[in-house]
Amino acid sequence: MLTTLAYTMILVFMALIMTKRLSAMVALILVPIVFGLLGGFGMSLGPMMLDGIKKLAPTGVMLMFAILYFGIMIDAGLFDPVVRLVLRIVGGSPTKIVVGTFLLAAGVSLDGDGSTTYMITCAAMLPLYQRLGLNRLVLACVVMMAGQLMNILPWGGPTARAVSALNVEMGQVFVPMIAPMVITAAWCTFVAFILGRREARRLGAVSLGDAQVSSQSIAEVTGGDPTLTRPRLLWVNALLTLALMVLLVMDVFPLQVLFMVASAIALMLNYPSLQQQKERLETHAVNIVPVVSLIFAAGIFVGILSGTKMVDAIANSVIAMVPDWMGPYMAVVTAVLSIPFTFFISNDAFYFGILPILAKTAAVYGIGATEIARASLVGQQVHLLSPLVASTYLLVGLAGVEFGDHQRFTLLWALSAAFVMLAAMLVLGVIPLVGSAP
């Protein structure tokens, strides 16, 4: 009963947002409540929802002040030199712009933080997409594919969870993954090239004119207000941002505190008068409120999904459906199962709740925990499309696209990256196709 309810709830939720019958925020709140009531949980839903909101509240605070901070930096013109450089390199070529977007996002993703990647890449590239009329779904797609690939770096989160859950060495898990990651990166670059070519055929070559690197042209491309730029404070803003990034990587303070303090300093330095500060806050509230509201709405969804034990029901049902004859192929089975598991439930629930069970089954057939840990990372190529990932709402908010549209546009490309990674792992012997006889 609970398993059926869980699957039905997820299917209804996905159908409603992908067909645009409900907005993501409304669906995240109402759908789990309705199914929680149908499951007979009644008054116990309140504490469940509050627990979910509490878990995601720090993320909501971080995103709120992160959007404000980078919004202030964009207003002040911090990223204008980046845009100028990009314009010099790509000119009016949609293909070069899309490929450059992926490469930039992959480079920024080296810090392992998806939110930072989205904010920096969108700040640098979105003005070009808007000015040239490129499809912003393409922007969201290639940025997310870069984030998903780099998410399996040792400091990104999933790999650390797999290593901890199975008690294996990080080096033994990650080092063999480097070659499959390179191959997958090449495939993702090719996907960006394909999407760029599509945009080129749709728009043709776009010229920004001979003065495309002038200050006036930069203002036209970014769509910003020249009166808000602070060229004299460029290096001050750059140093402030660099210090923020260093502290983020060092993890010496909570992210929420860092962005709150940085936002206050940036606002005070660039717009010292109270009226200017009020105007900046009002302007960026348009971007902040939709994203933060989605985060707290997702808290209700996560709270009910966990509190009612629907997550456990889904996990047990899928494991029970794995027939005995698949035992020798548990490495491949784990890789394939990691795709839906990390999409429909959280990384923590998969890596700490389900992966150890899969590893024990695989051990019977001579497949080691290290191989299972590697196989479990394949699903990360699709994971960030999950409605349970808070940072994804930041990406769609910054790119100005609908969550359901983003899922429909990106899903097949993300799946292709997952299967390219799986194929590379099998060909290179990173995971075995068949285990040894018991």
Worksheet entry | Odd one out for residue 274, checked against (1) surrounded by fewer than 19 Cβ atoms within 10 Å (Cβ to Cβ); (2) in contact (Cβ under 8 Å) with a residue 24 or more places away in the chain | (2)
Worksheet item: Only one of (1) among the aromatic types (Phe, Trp, Tyr); (2) within 15 Å of the chain's Cα centre (by Cα); (3) under 22 Å from residue 174 (Cβ atoms) fails for residue 413. Which number is that?
Response: (3)
Discussion item. Any residue that is open to solvent by less than 60 Å² (accessible area, probe 1.4 Å), modelled with pLDDT of 85 or more, of a type outside the set (S, T, N, Q) and assigned to a helix (DSSP H, G or I) - is there at least one of those in region 51-59?
Written reply: yes
Item to complete: Say whether the condition of being touching a residue at least 60 places away in the same chain (Cβ under 8 Å) and surrounded by 23 or more Cβ atoms within 10 Å (Cβ to Cβ) is met by at least one residue in region 33-47.
Response: yes
Practice prompt. Would you mention how many residues in region 297-343 are more than 21 Å from residue 41 (Cα to Cα) and not small (Gly, Ala, Ser)?
Written response: 21
Practice prompt. Find the residue count for region 353-385, including only residues that are outside any loop (DSSP other than H, G, I, E, B), surrounded by 24 or more Cβ atoms within 10 Å (Cβ to Cβ) and of a type in the set (S, T, N, Q).
Written response: 2
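Helices (runs of 4 or more DSSP H) wholly in region 103-196 with at least 3 residues that are farther than 30 Å from residue 356 by Cα and touching a helix residue (DSSP H, G or I) at 6+ places or on another chain (Cβ under 8 Å) - which ones?
Passing ranges, in order: 114-132, 136-150.
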Worksheet item: How do the pairs read when you match residues in region 233-255 that are closer than 16 Å to residue 266 by Cβ and assigned to a helix (DSSP H, G or I) with residues anywhere that are modelled with pLDDT under 85 and aromatic (Phe, Trp, Tyr), using Cβ under 7 Å and keeping only pairs 6 or more apart or on different chains?
Response: 247/253
Fill in: residue 27 touching a residue at least 12 places away in the same chain (Cβ under 8 Å), touching a Leu at 6+ places or on another chain (Cβ under 6 Å) and of a type in the set (A, V, I, L, M)
yes
Fill in: All positions within region 304-328 that are part of a helix (DSSP H, G or I), open to solvent by 10 Å² or more (accessible area, probe 1.4 Å) and in contact with a Leu (Cβ under 7 Å, 6 or more places away or on another chain)
311, 313, 318
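The values are calculated or read from the model by the stated rules, or taken from the named source; none is laboratory data. Everything numeric in this text was worked out from a predicted model, so none of it was measured. Every residue, glycine as well, gets a Cβ built from its backbone with ideal geometry; the counts of neighbours run over all protein chains shown. Keep in mind that these areas ignore ligands, DNA and RNA; they rest on the heavy atoms of the full protein, side chains included. Shrake-Rupley method; radii C 1.70, N 1.55, O 1.52, S 1.80 Å.
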